[in-house]
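Heads up: the structure comes next, in structure tokens.
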Amino acid sequence: MVTGVWYDRWMMLRLARPLHLWQLLLLRLSFYASRMSKKAIHWGMPLHISVEPTTSCNLRCPECPSGLRAFSRPTGMLEPTFFEGLLNELKPGLASINFYFQGEPYLNRELHGMVRKAADAGIYTATSTNGHYLDSENCERVVQSGLHRLIVSIDGTSQDTYEQYRIGGKLEKVIEGTRLLIDTKRRLKSRTPHVIFQFLVVKPNEHQIPEVLELAGELGVDEVRFKTAQVYDFEYGNPLIPENEKYARYRKGADGRWVLKNKLENHCWRMWQGCVVTWDGSIVPCCFDKDAQHRLGKMDAQTRFRQIWRSPEYRAFRAGILEDRSQFEICKNCTEGTKAFG
């Protein structure tokens, strides 16, 4: 699996262009200048964006607004024509696109074509799936789309454990779909997509960590990643918080209450280097804003991405992060933005 990991990293570097390095320099300089001055200084365009193919999902995971059917925003599908407009505006300096935010991406039948357009533009492409739509036809389209990285969520190695979080899911289907995808890669003599098993560690499945590593090796998966789980109600404990603190975002304080491990510092690299574009064109600051509560603008025939990226609303949001990040509910459960580079 080590070879697969290094090939994925090399692919990202191979796609890098001089303009990407210039953008990175501008973004980091303005980020550091903002931290020192406590003023929202921002130069450059985004290096990375997430684009939402759909808010629909076939599963009912208990800590996910898609699974809970709990969105206050509308459900829908990303349209190829809208995506092409976004791509044409950003592609000169864009290094990567993650085709995922909420929902199951492969419910959008147009996703393969959108990935192909981004890959043809020299942009590193990735998405994440629950693995229930990796049938023979779809696996062939995934490989031929030019997708560089595919994360497959597999949160258990037995059905009874898996379904405690992936409610409505079938582990056998995920395993068979992964096997079929890897066989398709071999048949088409393709090194991509780089296939990652993502294991969301929760108390019901933490004992199966060694088993998922073994399963990944048997299938020929390129990499295994362990992800800490975000839970909404954690202050007084939660049955999903694992016993092994290494895999938890939270720790129990002296008073018995649970708190986020990392200190909530008043800065966040994500606010400078990228953002999320929802299926209907709303721009939100990061992937923790699942219900798009902090819409910083919406793209339409009159409003381009650049106008929103440079808008007073976006500047004010970045300034708010520098002033007091704890005022934003979406930041309170975040571990990724607590370090200088997420």
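The values are calculated or read from the model by the stated rules, or taken from the named source; none is laboratory data. Just so we're clear, the structure is a prediction, and the values are computed from it rather than from any experiment. With ideal geometry, Cβ positions are generated from the backbone for all residues, glycine too; neighbour counts draw on all protein chains shown. Remember, those area values only see protein heavy atoms, side chains included, never the ligands or the DNA or RNA. Shrake-Rupley method; radii C 1.70, N 1.55, O 1.52, S 1.80 Å.
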Notebook entry, point to check: When the Karplus curve 6.51 cos²θ - 1.76 cosθ + 1.60 is applied with θ = phi - 60°, which whole-Hz ³J(HN,Hα) does each residue of the stretch 239-247 get, with x for Gly and Pro?
Noted result: x, 8, 5, x, 6, 6, 4, 4, 9
Notebook entry, point to check: If you add up the charges near Asp324, with Lys and Arg at +1 and Asp and Glu at -1, over every other residue whose beta carbon is less than 15 angstrom from its beta carbon, what do you get?
Noted result: +4
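Please arrange Glu84, Glu206 by accessible surface area, largest first, computed with a 1.4 Å probe and ligands excluded. Mind dumping the intermediate values first?
Details: Glu84 65, Glu206 35 Å².
Result, largest first: Glu84, Glu206.
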Margin query: Based only on Cα atoms, what mean projected area does the convex hull of the stretch 4-121 have, in nm²?
Written below: 10.0 nm²
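Can you give the FRET efficiency for Glu235 and Glu89, using 1/(1 + (r/R0)^6), R0 = 25 Å, r = Cβ-Cβ distance, to the nearest 0.05?
Values: r = 42 Å, r/R0 = 1.70.
Once the sixth-power term is evaluated, E becomes 0.05.
Could you please report the charge total around Lys38, scoring K, R as +1 and D, E as -1 over all other residues with beta-carbon less than 15 angstrom from its beta-carbon? Before the final figure, lay out the partial values.
Working: positive: Arg35, Lys39, Arg315, Arg318, Arg325; negative: Glu265, Glu323, Asp324.
Charge balance in the 15 Å sphere: +2.
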Check: Within the accessible area of the chain, what % is carbon and sulfur when the probe is 1.4 Å and the other protein chains stay in place?
Finding: 53 percent
Next item on the list: Determine ³J(HN,Hα), in whole Hz, for all residues of the stretch 264-269 in sequence, where each value follows from phi through the Karplus function 6.51 cos²θ - 1.76 cosθ + 1.60 and θ = phi - 60°; x replaces Gly and Pro.
Entry: 7, 7, 8, 6, 7, 4
Next item on the list: Counting only DSSP beta bridges with both residues in the chain, tell me the antiparallel percent, nearest 5.
Entry: 25 percent
Margin query: Which aspartates and glutamates, if any, have their Cα less than 13 Å from the Cα of Lys38, not counting same-chain residues under 8 positions apart?
Written below: Glu265, Glu323, Asp324
Next item on the list: With the cut-off at 20 Å, report for the stretch 209-265 the share of all Cα pairs above it, as a whole percent.
Entry: 39 percent
Next item on the list: Return the distance in nm (one decimal) between the two label points of a simple spin-label model at Arg60 and Glu313, each offset 7 Å from Cα along Cα→Cβ.
Entry: 3.4 nm
Checklist line | Label-to-label distance, nm, for residues given as Lys227 and Phe71 (7 Å Cα→Cβ offset) | finding: 1.7 nm
Notebook entry, point to check: So what are the ³J(HN,Hα) numbers for the stretch 170-180, from phi and the Karplus equation (6.51, -1.76, 1.60; θ = phi - 60°), rounded to whole Hz, Gly and Pro as x?
Noted result: 10, 4, 4, 5, 5, 5, 5, x, 5, 4, 5
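For Arg149, what charge total do you get from the other residues with a beta carbon under 12 Å from its beta carbon, if Lys and Arg give +1 and Asp and Glu give -1? Let's see the in-between values first.
Values: positive: Arg9, Arg191, Arg225; negative: Asp8, Asp222, Glu223.
Once positives and negatives cancel, what remains is 0.
What is the stretch 234-280 by shape, rounded, prolate or oblate, if you read a ≥ b ≥ c off the alpha carbon gyration tensor as root eigenvalues and call it rounded for a/c under 1.5, prolate for a/b larger than b/c, and oblate otherwise? Please list the in-between numbers first.
Numbers: a/c = 2.82, a/b = 1.90, b/c = 1.49.
Because a/c hits 1.5 or more and a/b exceeds b/c, the stretch 234-280 counts as prolate.
Taking a 23 Å limit on the Cα-Cα distance, which of the listed pairs Lys185/Lys227; Lys252/Lys290; Lys173/Lys290; Lys227/Lys263; Lys117/Lys189; Lys39/Lys91 fall beyond it?
Working: Lys185/Lys227 26 Å; Lys252/Lys290 26 Å; Lys173/Lys290 27 Å; Lys227/Lys263 19 Å; Lys117/Lys189 21 Å; Lys39/Lys91 28 Å.
Long pairs (Cα-Cα over 23 Å): Lys185/Lys227; Lys252/Lys290; Lys173/Lys290; Lys39/Lys91.
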Note to self: Check which residues have an amide H placed less than 5 Å from Gly297's amide H, if you skip close sequence neighbours.
What the structure shows: Ile283
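Please label the shape of the stretch 94-232 as rounded, prolate or oblate, based on the square roots a ≥ b ≥ c of the eigenvalues of the alpha-carbon gyration tensor (a/c under 1.5 means rounded; beyond that, a/b larger than b/c means prolate, else oblate). Don't skip to the answer; put the middle values down first.
On the way: a/c = 1.84, a/b = 1.52, b/c = 1.21.
Prolate is the answer for the stretch 94-232, as a/c is 1.5 or above and a/b outweighs b/c.
Accessible area per residue of the chain at 1.4 Å probe, in Å²?
Spelled out: the 1.4 Å probe surface of the chain, per residue, equals 46 Å².
Can you show me the helix-derived [θ] at 222 nm for the chain, built from DSSP H runs with n ≥ 4 at -39,500 (n - 2.57) apiece and divided by the number of residues, rounded to the nearest 500.
Numbers: 12 runs with 123 residues, N = 342.
Computed ellipticity for the chain at 222 nm equals -10500 deg cm²/dmol.
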